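Enquirer: Have a look at the structure that comes next, please.
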Amino acid sequence: MTVSTNDPSAPAPTALREWREGRHSNAIDRLDNAARAGDEAALSLLVQLCGHEPGMAETRARAFAAMEAMPDSMMRNRHRAYFQAAGLAGPANWALALQDRYAQAEKGDWLAHTELGLLALMAGDAATGTAWLEQAAQAGSGLAIAALLRLGSDTGMLSPVARETGGGFSRSGHPMAQGLISRAQPLPLADGPQTAPGEVGPRLERIAEAIDTIPRADERMSDAPRIERWDDVLPGAACDYLTVGASPLLMPAQIHDPKTGETRQDPYRTSLTAAIPEQAMDLVSFAIKTRMAALSNRPVDTGEALAVLAYRPGEEYRAHFDFILDVPGEATHDLERRGQRVSTSLIRLNSEFTGGETRFPRLDLAWSGGRGSALSFDNVSADGQCDKASLHTGEPVKDGVKVIASLWLRERA
Ligand SMILES: O=C(O)CCC(=O)C(=O)O
Ligand SMILES: [Fe+2]
């Protein structure tokens, strides 16, 4: 995690030391007080600790109360919207989260505007999505410019706002800037800027409804275990957004060795992995997680951390099960609490690579799809037993880099 100060006596570094020393309530009190006074680094750490025992529910309540009390800021608004939509402190309420986010966007919060534009695209409302992204781009959001450029190359028509703002964007440091610009450059210009059609309220309601509404699978590849695939569940702009957000968090994948109990790097799984921590979640990544849970017909709170995996040439995930092996004394506590890892959802976030199929060797099935395509499968049979036919691989990537989102879903929240 990053803190905005190098001063080791500042609240966040001090609280981190306290937390590591087991002085959990001291740490939480310190962060709560500092956050209320407007210390964003303290709030960020407090939100991070919401993903860690002990006292997760209590930490979440404290974090949310601190957000309510602290001065308005883009960062506080972003965390708060996620807490509202995910129900981390009180009932989950997407409609309310979107209304609040819209009010923040209206006040000039360009990140709120960017998120809303992407959520509108995810809900299939391209006109509204484009209008909101254009407003965010005009306010200087590189993420919104990137989204407009991707939308342009997906639809064949470029927003004039994306063309105008593209120059600054190429120098913005956005990791996909050069590729997005060179693809979008030759495109004809659409009319614009767009104005969002109709009243805002009903549009926000439709977005809230669309988040976990999933079209029928394009193919049921297997009944036992259930394996289904979809060609298009996520707009390219949302795939890019998740990729860029996860990139700084990518680290060499670790495997858990049930024999020794240790966690280490292993040739078995050579990709880079980012398990997105609480403080990096926002409405867009949470909407993606919700949609992935829905693909497996599971509530989002049964999901583990949303993960992004990047495989460079030669990297792979060799044959494995996603269910958890109950080696005595090892996984027992976790298994008792949340139950088995019953399903897995994958979304391909890019398509600029060869190789890298997801393969089920015992069923002689393989899946590969374009950006935004999805796969969902069960790791247990109908009676809840671990299903060894769910054995699967991420085959070695030949050229390019394969980027996917992966979500493991449990029996219980
Ligand atoms: O990369 C793939 O295709 C497979 C990923 C996978 O098996 C997992 O995330 O559990
Ligand atoms: Fe897997």
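The values are calculated or read from the model by the stated rules, or taken from the named source; none is laboratory data. Predicted model only: the values in this text are computed from it and were never measured. Don't worry about glycine lacking a Cβ; one is built from the backbone with ideal geometry, like all the others, and counts go over all protein chains shown.
Enquirer: Say whether the condition of being in contact with a Ser or Thr (Cβ under 7 Å, 6 or more places away or on another chain) and either within 16 Å of ligand 2 (Cβ to nearest atom) or aliphatic (A, V, I, L, M) (or both) is met by at least one residue in the stretch 328-342. Before the answer, list the steps.
Expert: So the first thing to find is which residues in the stretch 328-342 are in contact with a Ser or Thr (Cβ under 7 Å, 6 or more places away or on another chain), and the list is none.
The answer is no, given that none of the residues of the stretch 328-342 is in contact with a Ser or Thr (Cβ under 7 Å, 6 or more places away or on another chain) and either within 16 Å of ligand 2 (Cβ to nearest atom) or aliphatic (A, V, I, L, M) (or both).
Enquirer: Of everything in the stretch 372-397, what is more than 14 Å from ligand 1 (Cβ to nearest atom) and either within 27 Å of residue 215 (Cβ to Cβ) or in contact (Cβ under 8 Å) with a residue 40 or more places away in the chain (or both)? Give them in sequence order. Don't jump to the end; show me each part of the working.
Expert: Within the stretch 372-397, the first condition is being more than 14 Å from ligand 1 (Cβ to nearest atom), and the residues that meet it are 372, 380-389.
Residues satisfying the conditions are 372, 380, 381, 382, 384, 386, 387, 388, 389.
Enquirer: Would you point out which residue out of 124, 156, 140 is farther than 17 Å from residue 193 by Cα and either surrounded by fewer than 24 Cβ atoms within 10 Å (Cβ to Cβ) or not assigned by TED's automatic domain parsing to the domain that holds residue 194 (or both)? Explain how you work it out, then say what you get.
Expert: Working: 156 fails: farther than 17 Å from residue 193 by Cα; 140 fails: farther than 17 Å from residue 193 by Cα.
The unique qualifying residue is 124.
Enquirer: Filter the stretch 75-110 down to the residues that are touching a residue at least 12 places away in the same chain (Cβ under 8 Å), charged (D, E, K, R) and assigned to a helix (DSSP H, G or I) and list them by number.
Expert: 76, 78, 80, 100, 101
Enquirer: Turning to a different aspect of this structure: In the stretch 287-305, what residues are buried (at least 23 other Cβ atoms within 10 Å of the Cβ), under 14 Å from the mean Cα position of the chain (by Cα) and among the hydrophobic types (A, V, I, L, M, F, W, C)?
Expert: 287, 288, 292, 293, 300
Enquirer: Only residues in the stretch 12-38 that are closer than 17 Å to residue 61 by Cβ and touching a residue at least 24 places away in the same chain (Cβ under 8 Å) count as the first member; pair them with residues that are assigned to a helix (DSSP H, G or I) and among the hydroxyl-bearing types (Ser, Thr, Tyr), Cβ under 7 angstrom, at least 6 apart or cross-chain, and list the lot.
Expert: Pairs found: 28/59.
Enquirer: Looking only at residues that are in contact with a helix residue (DSSP H, G or I) (Cβ under 6 Å, 6 or more places away or on another chain) and assigned to a helix (DSSP H, G or I) in the stretch 172-196, which one is surrounded by the fewest Cβ atoms within 10 Å (Cβ to Cβ)?
Expert: Among those that are in contact with a helix residue (DSSP H, G or I) (Cβ under 6 Å, 6 or more places away or on another chain) and assigned to a helix (DSSP H, G or I), it is 183.
Enquirer: Another question, then. Tell me yes or no: at least one residue of the stretch 49-60 is within 22 Å of the chain's Cα centre (by Cα), touching a residue at least 60 places away in the same chain (Cβ under 8 Å) and either in the same structural domain as residue 139 (by TED's automatic domain parsing) or surrounded by fewer than 21 Cβ atoms within 10 Å (Cβ to Cβ) (or both).
Expert: yes
Enquirer: State all residues of the stretch 47-74 that are part of a helix (DSSP H, G or I) and touching a Ser or Thr at 6+ places or on another chain (Cβ under 7 Å); if no residue qualifies, say none. Steps first, answer last, please.
Expert: Of all residues in the stretch 47-74, those part of a helix (DSSP H, G or I) come to 47-49, 56-69, 74.
Within the stretch 47-74, 49 is the sole residue that qualifies.
Enquirer: A further question follows. Six or more apart or on different chains, Cβ under 7 Å: which pairs go from a residue in the stretch 336-353 that's assigned to a helix (DSSP H, G or I) to one that's buried (at least 17 other Cβ atoms within 10 Å of the Cβ)? Could you list them?
Expert: 338/410
Enquirer: Any idea how many residues of the stretch 375-390 are polar (S, T, N, Q) and within 14 Å of ligand 2 (Cβ to nearest atom)?
Expert: Filtering the stretch 375-390 down to residues polar (S, T, N, Q) leaves 376, 379, 381, 385, 390.
After this cut, where a residue has to be within 14 Å of ligand 2 (Cβ to nearest atom) as well, the list is 376, 379, 390.
Adding up the residues that qualify gives 3.
Enquirer: Select from the stretch 342-359 the residues that are crowded, with 21+ Cβ neighbours inside 10 Å and either at pLDDT below 95 or within 12 Å of ligand 1 (Cβ to nearest atom) (or both) and list them in ascending order. Walk me through how you get there before you give the answer.
Expert: To start, the set of residues in the stretch 342-359 that are crowded, with 21+ Cβ neighbours inside 10 Å comprises 342-349, 356, 358.
The answer is 343, 344, 345, 346, 347, 348, 349, 356, 358.
This table checks each residue for (1) outside the structural domain of residue 350 (by TED's automatic domain parsing); (2) closer than 24 Å to residue 325 by Cβ; (3) in contact with a helix residue (DSSP H, G or I) (Cβ under 9 Å, 6 or more places away or on another chain); (4) modelled with pLDDT under 95.
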position: 372; (1), (2), (3), (4): no, no, yes, no
position: 379; (1), (2), (3), (4): no, yes, yes, no
position: 384; (1), (2), (3), (4): no, yes, no, yes
position: 391; (1), (2), (3), (4): no, yes, no, no
position: 394; (1), (2), (3), (4): no, yes, no, no
position: 397; (1), (2), (3), (4): no, no, no, no
position: 406; (1), (2), (3), (4): no, yes, yes, no
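Enquirer: Name, by its number, the condition in (1) out of contact with any Lys or Arg (no Cβ under 7 Å at 6 or more places or on another chain); (2) at pLDDT 95 or above; (3) surrounded by fewer than 17 Cβ atoms within 10 Å (Cβ to Cβ) that does not hold for residue 69.
Expert: (1)
Enquirer: May I pose another question? Going by the conditions given, is residue 33 touching an Asp or Glu at 6+ places or on another chain (Cβ under 6 Å), part of a helix (DSSP H, G or I), more than 21 Å from residue 283 (Cβ to Cβ) and of a type outside the set (A, V, I, L, M)? Break it down stepwise before answering.
Expert: Values: touching an Asp or Glu at 6+ places or on another chain (Cβ under 6 Å): no; part of a helix (DSSP H, G or I): yes; more than 21 Å from residue 283 (Cβ to Cβ): yes; of a type outside the set (A, V, I, L, M): yes.
Spelling it out, it is not the case that residue 33 is touching an Asp or Glu at 6+ places or on another chain (Cβ under 6 Å), part of a helix (DSSP H, G or I), more than 21 Å from residue 283 (Cβ to Cβ) and of a type outside the set (A, V, I, L, M).
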